[in-house]
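A.B. asks: The structure is given below, and queries will be raised subsequently.
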Amino acid sequence: MKIYPSEPLNILHTIGLNEMYPIVRCQIDLTQPLDGVRLQKAVQLVGQVAPQIFGRYELQQNTFVVEEAKTAPIIQSLAANQQPDTVPLNFMQGPQLRLYLQTQQSGQLLTLIMSHILSDGAGFKQLLYLLVDCYNRGTTAIEGKQNDQSIAPVQALIDRRQSVTQKITDHPQQPLFLPQLAAHDAQIYRVARVHFSVSETEQLHAAARVSGVTLNDLFMAAFGQIIQQYSGVTDLTLACPTDMRQFFTTAEQATLRIANLTARYNLILPDTLELSLAQLIQLVHQQMQTLKEQQQFLDSVTDLLARAQTDSVAELQQIAEINYHVRPIAYTNFGVIDAAKIQFTGTTINDFVLTGSFRRAPMFQVATSTFDDQLTFAFNMIGNELEYRFGMMILQQMQQNLLLWGGNK
């Protein structure tokens, strides 16, 4: 048995387990099946760099425990029509990574589910790149590789930060919400997405440049506006996750970091219910610029790190709840997935979808990402058919509104 100590940021996603289970989920539709033996060897190689993937998570000690003789299989083959997300998943008892293979008429569906306790979306992308590299090149891919989970760079950011007079609350007075729809049939696991074409994606890029805003500003404004209109609240409040790795030194950014290094900005825009999308985009951009200048995202982790050496895990969970709680309406941006780094030898990718945890409707999260020059909006839902259609309508409306806005630039 081997025990791997964790960092305080691993505790962040152990709160709200009764509302959602903390995962990062990736679905890849392949034209040809992967070589099973080769894939198994690739997983073992990744485990040499990040052995925590084989372990269970011990909350009270905040550690990952790997028991060689009892390690559950990470790779499983499922029937074509089986929903991978119905397979029992317990990070407190089993491995932190699961791969599911399903033969399809189009080839093979590969679903990867990683513990959000172990790592975040950016860390998952690093793990995925490493897995594919190990599949393609074998042992050579891990030569000189070490996984660094240290929070020292985060603490350095906190120490260098200029004091901010007012801390923005993570618990807004007017949280966004969606209506509870009548339940006429069973709530089941659903994964949904809308894809932009390459030309539509470039159109948005060009319009954002002309307007002096970021794509993230566009996505938050479009999503927030639709949810705000359904909820009817006067203020727009959203949490915007950000990868803290981008603020590390160049040398620190070059290090493999399969870890939880995501914090969140808290956006609060009062009296925005009647604004046009163009007006809202500018307000979102202006406030995000201010929050970035203040490094406001550090508010979500500073207290946790300050008390990590003195407080119990239960007390640290309470601190996380205050500064990083599970919101009914959530937004995440996985950024760009480097398509060149996930080309498995012998097969090509038909479709790629990256999402977060499953939320039970009317909770809702939109996940944005760009793969192979195509933007995708997606969600995971536990919901009935009506709730699923409602979620799809939100994605389609976001897409339509943004393309209309971009076409006018």
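The values are calculated or read from the model by the stated rules, or taken from the named source; none is laboratory data. Every value quoted in this text rests on a predicted model; they were computed, and no experiment measured them. Here Cβ is always computed from backbone atoms with ideal geometry, including for glycine, and neighbour counts include all displayed protein chains. Ligands, DNA and RNA are excluded from the accessible area calculation, which covers all protein heavy atoms including side chains. Shrake-Rupley method; radii C 1.70, N 1.55, O 1.52, S 1.80 Å.
A.B. asks: State whether the residues of segment 120-131 include one that is part of a loop (DSSP other than H, G, I, E, B) and surrounded by 22 or more Cβ atoms within 10 Å (Cβ to Cβ).
C.D. replies: From segment 120-131, those part of a loop (DSSP other than H, G, I, E, B) are 120; that's our starting set.
This time we only want the ones that are surrounded by 22 or more Cβ atoms within 10 Å (Cβ to Cβ), so: 120.
Yes, that holds for at least one residue.
A.B. asks: Any chance you could count how many residues in segment 108-128 are among the aliphatic types (A, V, I, L, M) and more than 18 Å from Phe352 (Cβ to Cβ)? Even if it seems obvious, please write down each step before you answer.
C.D. replies: Residues of segment 108-128 that are among the aliphatic types (A, V, I, L, M), as a first pass: 109-110, 112-114, 117-118, 122, 127-128.
Going one step further and asking which of them are more than 18 Å from Phe352 (Cβ to Cβ), we end up with 117-118.
So the count comes out to 2.
A.B. asks: Would you confirm whether any residue within segment 301-310 is small (Gly, Ala, Ser), open to solvent by 40 Å² or more (accessible area, probe 1.4 Å) and part of a helix (DSSP H, G or I)?
C.D. replies: Initial filter on segment 301-310 (small (Gly, Ala, Ser)): 306, 308.
Imposing the further condition that a residue be open to solvent by 40 Å² or more (accessible area, probe 1.4 Å) reduces the set to 306.
Next, only the ones that are part of a helix (DSSP H, G or I) stay: 306.
Yes, because at least one residue in segment 301-310 is small (Gly, Ala, Ser), open to solvent by 40 Å² or more (accessible area, probe 1.4 Å) and part of a helix (DSSP H, G or I).
A.B. asks: List the strands (runs of 3 or more DSSP E) inside segment 327-402, counting only whole elements, that have at least 2 residues being open to solvent by 30 Å² or more (accessible area, probe 1.4 Å), farther than 28 Å from Gly16 by Cα and at pLDDT 95 or above. Reasoning before the result, please.
C.D. replies: Working: elements: 329-337, 349-355, 364-371, 374-383.
Because the criterion is at least 2 residues that are open to solvent by 30 Å² or more (accessible area, probe 1.4 Å), farther than 28 Å from Gly16 by Cα and at pLDDT 95 or above, the strands (runs of 3 or more DSSP E) in segment 327-402 that meet it are 349-355.
A.B. asks: If I filter segment 167-226 down to residues being in contact with a strand residue (DSSP E or B) (Cβ under 8 Å, 6 or more places away or on another chain) and β-branched (Val, Ile, Thr), which single residue comes out as farthest from Thr272 (Cα to Cα)?
C.D. replies: Only one residue tops the list, namely Ile188.
A.B. asks: Which one of Thr332, Thr272 is in contact with a Gly (Cβ under 6 Å, 6 or more places away or on another chain) and closer than 30 Å to Lys409 by Cβ?
C.D. replies: Numbers: Thr272 fails: in contact with a Gly (Cβ under 6 Å, 6 or more places away or on another chain).
When all the criteria are applied, what remains is Thr332.
A.B. asks: Moving on. Go through segment 260-279 and count every residue that is surrounded by 22 or more Cβ atoms within 10 Å (Cβ to Cβ) and assigned to a helix (DSSP H, G or I).
C.D. replies: Residues that pass the stated criteria total 0.
A.B. asks: Within segment 76-107, which residues are surrounded by fewer than 16 Cβ atoms within 10 Å (Cβ to Cβ) and free of Cβ contacts under 8 Å to residues at least 60 places away in the same chain?
C.D. replies: Step one: of segment 76-107, the residues surrounded by fewer than 16 Cβ atoms within 10 Å (Cβ to Cβ) are 76-77, 79-83, 86-90, 92-93, 103-106.
Correct list: Gln76, Ser77, Ala79, Ala80, Asn81, Gln82, Val87, Pro88, Asn90, Met92, Gln93, Gln105.
A.B. asks: Can you pull out every residue in segment 301-316 that is aliphatic (A, V, I, L, M), under 23 Å from the mean Cα position of the chain (by Cα) and closer than 18 Å to Ala156 by Cβ? Explain how you work it out, then say what you get.
C.D. replies: So in segment 301-316, the residues aliphatic (A, V, I, L, M) come out as 301, 304-306, 308, 313-314, 316.
Next, only the ones that are under 23 Å from the mean Cα position of the chain (by Cα) stay: 301, 304-305, 316.
Scanning segment 301-316 gives Val301, Leu304, Leu305.
A.B. asks: Further, regarding this structure: Quick check on segment 14-38: of everything there that is hydrophobic (A, V, I, L, M, F, W, C) and surrounded by 20 or more Cβ atoms within 10 Å (Cβ to Cβ), which residue is modelled with the lowest pLDDT? Explain how you work it out, then say what you get.
C.D. replies: Our first condition is that a residue be hydrophobic (A, V, I, L, M, F, W, C); within segment 14-38, this holds for 15, 17, 20, 23-24, 26, 28, 30, 34, 37.
Still in the list and also surrounded by 20 or more Cβ atoms within 10 Å (Cβ to Cβ): 20, 23-24, 26, 28, 30, 34.
Values: Met20: 91, Ile23: 98, Val24: 98, Cys26: 98, Ile28: 98, Leu30: 98, Leu34: 98.
Applying the filter and picking the extreme gives Met20.
A.B. asks: How about segment 287-300: which of its residues are open to solvent by less than 40 Å² (accessible area, probe 1.4 Å) and either more than 19 Å from the chain's Cα centre (by Cα) or more than 28 Å from Arg359 (Cα to Cα) (or both)?
C.D. replies: From segment 287-300, those open to solvent by less than 40 Å² (accessible area, probe 1.4 Å) are 288, 291, 296-300; that's our starting set.
Hits for segment 287-300 are Met288, Leu291, Gln296, Asp299.
A.B. asks: Just to verify a result, which residue in segment 132-148, among those that are assigned to a helix (DSSP H, G or I) and polar (S, T, N, Q), is surrounded by the most Cβ atoms within 10 Å (Cβ to Cβ)? Lay out the reasoning, then the answer.
C.D. replies: Initially, segment 132-148 is screened for residues assigned to a helix (DSSP H, G or I), giving 132-142.
Next, from what is left, pick out any that are polar (S, T, N, Q): 136, 139-140.
On the way: Asn136: 15, Thr139: 10, Thr140: 10.
Within segment 132-148, the match that is surrounded by the most Cβ atoms within 10 Å (Cβ to Cβ) is Asn136.
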